[in-house]
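J.: Handing you this structure, nothing more for now.
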Amino acid sequence: MIIQNFINGQYVDPIADGWIDNYCPADGEVYGKIPDSSADDVEVAYIAARSAFKSWSILPVEERSKILLRLADLIEDNLERLAEAESEDNGKPVKLAKTVDIPRAAQNFRFFAHAITQFSSESHETVGLDAINYTLRQPIGVVGCISPWNLPLYLFTWKIAPAIAAGNCVVAKPSEITPLTAHMLGELCDKAGLPSGVLNIVHGYGHKAGQAIVEHPDIKAISFTGGTQTGAKIASAAAPLFKKLSLELGGKNPNIIFADCDYKNMLETTLRSSFANQGQICLCGSRIFIEQDLYEQFKIDFVDRVENLQIGHPNDENTDIGALVSSDHLDKVLDYIEIAKEEGGKLLCGGERVIIKGFDQGYYMSPAVIEVSTDECRANREEIFGPVVTIMPFKSEEEVLNIANKVDYGLSATIWTNDLNRTMRMSHAIHCGIVWVNTWMLRDLRTPFGGIKNSGVGREGGFEVLRFFTEPKNVCIKY
Ligand code: NDP
């Protein structure tokens with residue numbers, strides 16, 4: 001399978017003709033090549049985008065909206081094909097790709113097709129001075145969108161849809177580890193009637209093609225989702241160029257369980273919030289804190305449920321835990337198991353490499369639950385981004401709040417309780433951008449999405465992201 005860049009509505013080879021191997025996580029085999037693009041490819045993509053911007057930015061909003069709706073329909077029409085590709089490229093169970101990743105990619109386009117028709121700006125009557133001020137919300141121009149490998153098409157389209165809905169043209173780079181569905185999107189854009197050059201997809205390494213997008217002097221805004229260290233690099237490259245930046249970074253999210261919760265619902269959901277997508281979701285609750293009275297019961301039931309999760313080939317409909325995304329990532333996650341043990345953590349289950357018959361070289365591991373006695377350990381403070389959770393008891397609301405807030409990250413938190421006053425107190429006091437109470441990852445695309453501290457800067461979702469992808473201009477008229 002040869003993947004090409006998608007520039008100005010055409011599939012093209014990288015200018016320098018360099019290629020990168022693409023691995024299938026389920027069996028560790030190379031099954032394709034992707035472009036090793038350079039700054040030259042980014043430049044060609046930029047020129048196409050700049051040229052398309054002239055007409056795209058002035059197209060009536062209803063026309064843009066219709067094209068995005070067609071694109072959403074086409075993604076749904078191709079759901080099976082896209083889900084199989086996503087699973088093959090990323091290692092995630094195909095049933096997850098069919099029910100979450102691809103439907104959400106379609107929903108991203110449909111949501112922003114509608115949202116842009118409802119987006120409005122403000123006006124202010126300046127009483128006493130006989131003037132009226134109104135705000136224009138104009139597209140920025142050419143913007144850069146850079147996305148990670150964990151939810152490939154889901155997060156790629158989460159950026160592209162609002163960017164183009166708002167009238168911008170895009171130079172985008174998916175993760176070099178999972179390029180396949182982004183590649184397939186090009187063909188669907190063409191079928192949907194998206195004018196050439198509105199979306200340009202450049203594949204390749206982050207430090208090369210990604211960096212070239214960030215450093216391009218005329219790409220005026222960067223929307224990035226990925227690791228915190230990469231986010232810091234991007235911020236330092238973008239700052240002297242005065243770019244608008246949206247950074248969605250890592251997390252180390254607490255899952256706080258009080259004894260008065262709805263136990264059955266909590267247990268089912270905690271299984272998902274710990275291990276969905278092999279734990280490779282920035283929103284996973286990887287630090288689980290359980291109120292003392294419930295701790296022993298939770299420990300027994302949870303470990304029992306985790307040991308019963310099916311680890312297997314992503315194509316198998318019975319698979320709960322597929323392959324991790326890459327060999328390097330598997331090694332990193334397994335290293336953390338050793339670190340946790342050295343720090344005094346007790347491995348209650350999992351944490352080992354698993355060989356699936358017939359797919360010996362695949363990147364599989366068993367989901368791990370580690371009991372820790374202190375929140376100060378690395379396993380409890382650093383983002384592992386794999387099927388690993390720590391569990392720890394707590395005695396009081398004050399204690400758990402203090403521990404939950406102590407980490408450098410602040411993306412999301414989950415709280416399990418049926419006490420309304422505690423819900424209110426906790427959700428006000430916890431340091432993060434998103435709080436779920438008695439649920440997890442229930443998404444309404446109108447809400448602000450993002451984190452604080454090392455989890456990022458800015459918010460995606462709803463009108464927040466449409467504000468990001470437009471420049472406000474105030475006009476003052478004296479009458
Ligand atoms: P990375 O930060 O390694 O990469 C993200 C993207 O940035 C990739 O496309 C990558 O390319 C590219 N990139 C890398 N270096 C640069 C650079 N110097 N300039 C520009 N682009 C660059 O993250 P991962 O792909 O490993 O994704 C996992 C991380 O993403 C986790 O930390 C996770 O928490 C975070 N994440 C955050 C979410 C949120 O909403 N807050 C949601 C999902 C994930 P390449 O792949 O070639 O390196």
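The values are calculated or read from the model by the stated rules, or taken from the named source; none is laboratory data. Just so you know, these numbers come straight off a predicted model, no measurement behind them. Don't worry about glycine lacking a Cβ; one is built from the backbone with ideal geometry, like all the others, and counts go over all protein chains shown. Just so you know, the surface numbers come from the protein's heavy atoms only, side chains and all, with ligands and any DNA or RNA stripped out. Shrake-Rupley method; radii C 1.70, N 1.55, O 1.52, S 1.80 Å.
J.: If you place +1 on the Cβ of every Lys and Arg and -1 on the Cβ of every Asp and Glu, how big does the dipole about the Cα centre of the stretch 320-388 come out, in debye to the nearest 20?
T.: 220
J.: What FRET efficiency comes out for the pair residue 318/residue 129, r = Cβ-Cβ distance, R0 = 56 Å, nearest 0.05?
T.: It comes to 0.20.
J.: May I ask you to list the aspartates and glutamates whose Cα is less than 17 Å away from that of residue 95, ignoring any residue fewer than eight positions away on the same chain?
T.: Cross-link targets: 76, 77, 80, 84, 86, 316, 317, 320.
J.: Could you tell me how far the Cα centroid of the stretch 346-417 sits from the Cα centroid of the stretch 188-206, in Å?
T.: 38
J.: Hey, with R₀ at 25 Å, roughly what FRET efficiency would residue 2 and residue 50 work out to, going by the Cβ-Cβ distance, to 0.05?
T.: 0.35
J.: How large is the charge dipole for the stretch 1-158, taken about the Cα centre, if only the Cβ atoms of Lys, Arg (+1) and Asp, Glu (-1) carry charge, to the nearest 20 debye?
T.: That gives the stretch 1-158 a dipole magnitude of about 520 debye.
J.: In whole percent, how big is the carbon plus sulfur part of the accessible area of the stretch 392-456, probe 1.4 Å, protein atoms only?
T.: The computed percentage sits at 51.
J.: Carbon-plus-sulfur fraction of the accessible area of the stretch 23-163, 1.4 Å probe, in percent?
T.: Answer for the stretch 23-163: carbon and sulfur cover 53 percent of the accessible area.
J.: What whole-number distance in Å separates the alpha-carbon centres of the stretch 136-155 and the stretch 40-89?
T.: The stretch 136-155 and the stretch 40-89 have Cα centres separated by 11 Å.
J.: For residue 239 and residue 452 in one chain, what is 0.36 nm times their gap in residues minus the Cα-Cα distance, to one decimal in nm?
T.: Fully extending the segment from residue 239 to residue 452 adds 74.8 nm.
J.: Shape call for the chain from the C-alpha gyration tensor, a ≥ b ≥ c root eigenvalues: rounded (a/c under 1.5), prolate (a/b greater than b/c) or oblate?
T.: In terms of gyration-tensor shape, oblate.
J.: Give me the distance in nm between label points sitting 7 Å out from Cα along the Cα-to-Cβ direction at residue 381 and residue 307, one decimal.
T.: Distance between the two pseudo-spin positions: 3.3 nm.
J.: How large is the dipole of the stretch 265-406 about the Cα centre if only Lys and Arg carry +1 and Asp and Glu carry -1, each at its Cβ, rounded to the nearest 20 debye?
T.: 200
J.: Continuing with this model, one more query. Accessible area per residue of the chain at 1.4 Å probe, in Å²?
T.: 40
J.: Quick one: if you stick a label point 7 Å off each Cα along the C-beta vector at residue 408 and residue 122, how many nm between them?
T.: 3.6
J.: Positive end of the dipole of the stretch 1-129, charges at C-beta (+1 Lys, Arg; -1 Asp, Glu), about the Cα centre: which of 35, 85, 113 has its Cα farthest in that direction?
T.: 113
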